[in-house]
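The values are calculated or read from the model by the stated rules, or taken from the named source; none is laboratory data. Computed from a predicted model, the values in this text were never measured in an experiment. All Cβ positions, even for glycine, are placed from backbone atoms using ideal geometry, and neighbour counts span all protein chains on display. Ligands, DNA and RNA are excluded from the accessible area calculation, which covers all protein heavy atoms including side chains. Shrake-Rupley method; radii C 1.70, N 1.55, O 1.52, S 1.80 Å.
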Amino acid sequence: MLTANEIRRQFLDFFKEKGHEIVPSAPIVIKNDPTLLFTNAGMNQFKDYFLGNKQPDHTRIADTQKCLRVSGKHNDLEEVGVDTYHHTMFEMLGNWSFGDYFKEEAIAWSWELLTSVYKLDKDRLYVTVFQGDDKEGLPKDDEAYNFWKQHVAEDRILLGNKKDNFWEMGDTGPCGPCSEIHVDCRSEEERKQVEGKTLVNADHPQVIEIWNNVFMQFNRLKDGSLQPLPARHVDTGMGLERLVRVIQGMHSNYDTDLFTPIIYVLEKTFRANHSSEKAAIAKRVIADHIRAVSFTIADGQLPSNTGAGYVIRRILRRAVRYGYSFLNAREPFMFELVDTLDIIMGDAFPELKHQKEFIKKVIKEEEAGFFRTLADGVWTLEYFIQFGYHQSFPMSKAELLESHRKKIVPGKLAFNLYDTDGFPLDLTILMARENGFVVDEEGFNIEMQQQKTRSRAATTLDTDDWIVLKEGGASKFVGYDHAEAEASVVKYRKVKAKGKESYQLVLDQTPFYAESGGQVGDTGELIFPNENIQIVDTKKEDGLTIHFAETIPEDLSKPLLARIDVSKRLSTAVHHSATHLLHAALRQVLGIHVAQKGSLVNEEHLRFDFSHFAKVTDEEITKIEAIVNEKIRENIPVVIKEMQKDEAVKLGAMALFGEKYGNIVRVVIIDPNYSIELCGGTHVGATGQLGFFKLKSESAVAAGVRRIEAVSGKAAEHLVNEKLHIISQVQELLKHPKDLIKAIEKIQEEKTQIEKHAENLEARQLVGIRNELLTKDQIINQVTFVGETVHVSSPDALKKLCLDLKSHLNDHVIVLCANIDGKPYVAIGVDETIVAAKGLDAGKIIKEQIAPLIKGGGGGQKTLATAGGQDASKLNDVIEKVKGLL
């Protein structure tokens, strides 16, 4: 039986023989495309070829592409593990033609590979072609139909609607009719009972699509219309997981050698609980999700609370939750599966093998944090189920108790658990059901929709279609050698965000560097004959250099002069070259395990994230700074060369995981024995231009990732002058002592003594105030009441006084007020017996009645709560308000 690795290799070898260039997978994490977080289809990395923005080096290409489908239109997350063929991360085998061959060859080769190389049974295969769509004015794809007739009986050629047989990547972008190949994996007996063609595209688990041949002919515009592409292309995709399942004769993708080793490890780890259907689903979910999480981390995306990082955190937590609920996992276990994943896929994807220990570290840390979150969520739910109310719950006491009486977990509470703590809804439902409760899922969905609406309102970017003024592709970048260039506008579009209009422009050539590789985009101006407009940012999108402007002239057809902000560019280049020096120094001092995990380079400073499992010590920081500054003083020429990628790697150039490089790469060399990196950024001519390097801070970013912020050039000079000025001011304040450190230490000692003395005086003062207040207590409805405005030095002293009074009184309600530096402060104490007997809650009184009265905020426990505000004139009203409650 062929292994998955052999099946992958045969696919690539087959198309290599057909004249295709075999290219590596693009990173799974998308960069320079605001419309996508992740690569969700094999065609993503070739999108600018389809649009005509960039010319490919080869017109025939084949590859295996890492894909992730967990958000947006293509979202398979909820099906993963429940069925046997959906995945989050999957491999898409693909062959491509960019204006070369079209339908005839694509169809013939797909049939040849499946039936002659992989030896699939022809009687089990069905194909579909586009039936046309009258609304779109699209005819039936007779061309594809007729080519298929040369290989397949007509009763096996099925017509498909727009949903199934017209492929679109999103709401806009390249698209076209497609022809799918489906395989019937049912038993002979089942096939005799029901004809296979009736089950095609009917969601039957054993009659599945394995290959899609997309014939790219159109570009979908924002208004929904279809525009012919500059050239016709072929884009095919065949999921490796499904193909392996079919060739290996399995009924589930998870029964293939792509997944069984991981599932075997899970079964060994959780022997006591792996026989139920829920446990089987859990193992499939975990086996799938460990792939998605590992590959995205390898490509540079760390789990976080925003954007792509949040999606990865959600996938990881979903897997952990399944282990927690159905395998009885109570401590991190996912990270241990990375070793097995490396054995399965590390040879095909070396980024996994090279970063295995780092990936394990990140996953383990994330798991540990989520297990703590799970424990907190379990406590919250159990508390509600048992008691019905807690003051930290996001609803009023009356609402909570009413829901508890009806045995309903409120949607707002379930959503708060999900949104604040990451506690999954399905686990809330499971725990509720086990205790005879149900979850108000409709209420949860309302809260979720409101959050999405708020989020969408904050981030919505409405872009018009491009208005083309001049035919042409991507901007020619001339900014490495020139700060200005004569140019003309190729196309432009209007953008609306948060009610504000702005514009994006593409030029035929530009000196503006587009944000990339951590370096910010250039700013500057476009000088038209009668008007200058400011460029506030420059970014990349689909191979285009996009210039952002807040205004545009009436006539964009005139020639212009594009000029960058030279001062900003130079300061940015200084920090980019300093980043290369820093990276090499880190590897020299800390070890060659150091790898870049993110960076930011602008005119003000540099930020560099790197893999390292411990805090960088002060001694190591001193060494790193010394090395960088030594290289600056050596005034080493910064040599930049373009060469073949293989040649650059042989030279020792460092490439970053998660970056996509072409065949020709740009190599930045700062002493061949010190720093050689692949880099598209702008740099100084020699290291002496950096002047000086100074590290500002070192901190943790995530598990196994540290961050350094530093400055060089003028920014370093400014930082040093600022620090020296502060030291000078301190010396002046201290009357220029001979030893500044000793002088400050002496002041600290004196301060400590004074504070102790002040604390003693305050304690005596508070005792005196307490004794006086004890003579002023009143009995109201059998409750001891003390209410006074007192003179204390701080809010903390007011709270201490209230606590002290509580220890000397029984069945009491205390309200103490103070005007401290013109601002009102309140402390309320309520005896536990009064809380139980009369339902008086100090925290609730503070939040609902006192804080609004003094125009402030506050909170606390049922027996002690405090508040601060803005209106000190209301302190007497505060006392009367609390007194009135009795």
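Surrounded by fewer than 20 Cβ atoms within 10 Å (Cβ to Cβ), touching an Asp or Glu at 6+ places or on another chain (Cβ under 7 Å) and farther than 27 Å from Leu590 by Cα, is that true of Ile664?
So Ile664 fits the description; yes.
Against the conditions (1) touching a Lys or Arg at 6+ places or on another chain (Cβ under 8 Å); (2) of a type outside the set (Val, Ile, Thr); (3) over 16 Å from Ser557 (Cβ atoms), where does Leu544 fall short? Just the number, please.
All conditions pass for Leu544, except number (1).
Report yes if some residue within the range 492-510 is under 28 Å from Val574 (Cβ atoms), in a strand (DSSP E or B), basic (Lys, Arg) and in contact with a strand residue (DSSP E or B) (Cβ under 7 Å, 6 or more places away or on another chain); otherwise report no.
Checked the range 492-510: no residue is under 28 Å from Val574 (Cβ atoms), in a strand (DSSP E or B), basic (Lys, Arg) and in contact with a strand residue (DSSP E or B) (Cβ under 7 Å, 6 or more places away or on another chain).
In the set Ala686, Ala715, Ala700, which member is farther than 30 Å from Ile879 by Cβ, crowded, with 17+ Cβ neighbours inside 10 Å and not charged (D, E, K, R)?
Residue meeting the stated conditions: Ala715.
Could you list, ordered by first residue, the pairs with Cβ atoms under 6 Å in which the first is in the range 288-316 and farther than 20 Å from Ala368 by Cβ and open to solvent by less than 10 Å² (accessible area, probe 1.4 Å) and the second is not hydrophobic (A, V, I, L, M, F, W, C) and not in a loop (DSSP other than H, G, I, E, B), at least 6 apart or interchain?
Phe295/Lys66; Ala298/Glu351
Output the residues belonging to the range 672-682 that are over 18 Å from Ala514 (Cα atoms) and in a loop (DSSP other than H, G, I, E, B).
Pro672, Asn673, Tyr674
Looking at (1) at pLDDT below 95; (2) out of contact with any His (no Cβ under 6 Å at 6 or more places or on another chain); (3) of a type in the set (A, V, I, L, M, F, W, C), which is the one condition that is false for Leu243?
With (1) at pLDDT below 95; (2) out of contact with any His (no Cβ under 6 Å at 6 or more places or on another chain); (3) of a type in the set (A, V, I, L, M, F, W, C) applied to Leu243, the lone miss is (1).
Scanning the range 609-633 for residues that are surrounded by fewer than 14 Cβ atoms within 10 Å (Cβ to Cβ) and free of Cβ contacts under 8 Å to residues at least 60 places away in the same chain, which turns out nearest to the chain's Cα centre (by Cα)?
Among those residues, the one meeting the criterion is Ala614.
Criterion first (in contact with a strand residue (DSSP E or B) (Cβ under 9 Å, 6 or more places away or on another chain), open to solvent by 60 Å² or more (accessible area, probe 1.4 Å), within 23 Å of Ala398 (Cα to Cα) and outside any helix (DSSP H, G or I)) does Lys881 satisfy it?
No, not satisfied.
Does the range 385-408 include one or more residues that are small (Gly, Ala, Ser), open to solvent by less than 20 Å² (accessible area, probe 1.4 Å) and at negative phi?
No, every residue in the range 385-408 fails to be small (Gly, Ala, Ser), open to solvent by less than 20 Å² (accessible area, probe 1.4 Å) and at negative phi.
Within the range 135-171, which residues are farther than 15 Å from Ile181 by Cα, open to solvent by 30 Å² or more (accessible area, probe 1.4 Å) and in contact with a Lys or Arg (Cβ under 8 Å, 6 or more places away or on another chain)?
Glu136, Glu143, Asp171
Among the residues in the range 807-826, are any surrounded by fewer than 20 Cβ atoms within 10 Å (Cβ to Cβ) and under 24 Å from Lys397 (Cβ atoms)?
Checked the range 807-826: at least one residue is surrounded by fewer than 20 Cβ atoms within 10 Å (Cβ to Cβ) and under 24 Å from Lys397 (Cβ atoms).
Please list, ordered by first then second residue, the pairs with beta carbon atoms under 8 Å, 6 or more apart or interchain, first in the range 477-497 and closer than 27 Å to Ser567 by Cα, second open to solvent by less than 20 Å² (accessible area, probe 1.4 Å) and charged (D, E, K, R).
Short answer, once both residue conditions are applied: Gly479/Asp522.
Exactly one condition in (1) surrounded by 18 or more Cβ atoms within 10 Å (Cβ to Cβ); (2) without any contact (Cβ under 8 Å) to a residue 60 or more places away in the chain is false for Pro228; which is it?
Here Pro228 meets the rest and fails (1).
In the range 216-266, which residues are acidic (Asp, Glu) and closer than 19 Å to Thr64 by Cα?
Once the filter is applied, which keeps residues that are acidic (Asp, Glu) and closer than 19 Å to Thr64 by Cα, the range 216-266 yields Asp235, Glu241, Asp257.
With a cut-off of at least 3 residues that are over 23 Å from Asn876 (Cα atoms), name the strands (runs of 3 or more DSSP E) lying wholly within the range 734-846.
In the range 734-846, no matching strands (runs of 3 or more DSSP E) lie anywhere.
Scan the range 544-570 residue by residue and report those that are within 25 Å of Glu603 (Cα to Cα), surrounded by fewer than 17 Cβ atoms within 10 Å (Cβ to Cβ) and of a type in the set (Gly, Ala, Ser).
Ser567
Out of (1) part of a strand (DSSP E or B); (2) hydrophobic (A, V, I, L, M, F, W, C); (3) within 15 Å of Tyr126 (Cα to Cα); (4) out of contact with any helix residue (DSSP H, G or I) (no Cβ under 6 Å at 6 or more places or on another chain), what's the single condition that is false for Ala202?
Ala202 satisfies all of (1) part of a strand (DSSP E or B); (2) hydrophobic (A, V, I, L, M, F, W, C); (3) within 15 Å of Tyr126 (Cα to Cα); (4) out of contact with any helix residue (DSSP H, G or I) (no Cβ under 6 Å at 6 or more places or on another chain) except (1).
When the residues of the range 233-265 are narrowed to those that are over 26 Å from Ala106 (Cβ atoms) and touching a Leu at 6+ places or on another chain (Cβ under 7 Å), which ends up surrounded by the most Cβ atoms within 10 Å (Cβ to Cβ)?
Among them, the one singled out is Ile262.
Among Lys135, Lys163, which is the only one that is over 22 Å from Ser97 (Cα atoms) and either under 34 Å from the mean Cα position of the chain (by Cα) or outside any loop (DSSP other than H, G, I, E, B) (or both)?
Going through Lys135, Lys163 in turn, the sole match is Lys163.
Within the range 476-491, take every residue that is open to solvent by 50 Å² or more (accessible area, probe 1.4 Å) and not charged (D, E, K, R) and give me the one that is farthest from Leu51 (Cα to Cα).
Per the stated criteria, the residue is His482.
For Pro350, which of the numbered conditions (1) over 23 Å from Asp841 (Cβ atoms); (2) touching a helix residue (DSSP H, G or I) at 6+ places or on another chain (Cβ under 9 Å); (3) not hydrophobic (A, V, I, L, M, F, W, C) fails to hold?
Only one criterion in (1) over 23 Å from Asp841 (Cβ atoms); (2) touching a helix residue (DSSP H, G or I) at 6+ places or on another chain (Cβ under 9 Å); (3) not hydrophobic (A, V, I, L, M, F, W, C) is unmet by Pro350, namely (2).
Mind checking which pairs have a first residue in the range 142-155 that is touching a residue at least 60 places away in the same chain (Cβ under 8 Å) and a second that is open to solvent by less than 90 Å² (accessible area, probe 1.4 Å) and aliphatic (A, V, I, L, M), Cβ under 7 Å, 6 or more apart or different chains?
Partner pairs satisfying both residue conditions: Ala144/Ile107; Ala144/Val129.
Just for the range 529-543: of the residues that are within 16 Å of Lys494 (Cα to Cα) and touching a residue at least 40 places away in the same chain (Cβ under 8 Å), which one is most open to solvent (accessible area, probe 1.4 Å)?
Of everything passing the filter in the range 529-543, Lys539 is most open to solvent (accessible area, probe 1.4 Å).
Among what's in the range 326-375 and is β-branched (Val, Ile, Thr) and more than 20 Å from Gln301 (Cβ to Cβ), pick the residue that is most open to solvent (accessible area, probe 1.4 Å).
Ile343
Name the single residue, out of those in the range 423-442 being surrounded by fewer than 19 Cβ atoms within 10 Å (Cβ to Cβ) and not in a helix (DSSP H, G or I), that is modelled with the lowest pLDDT.
Asn435
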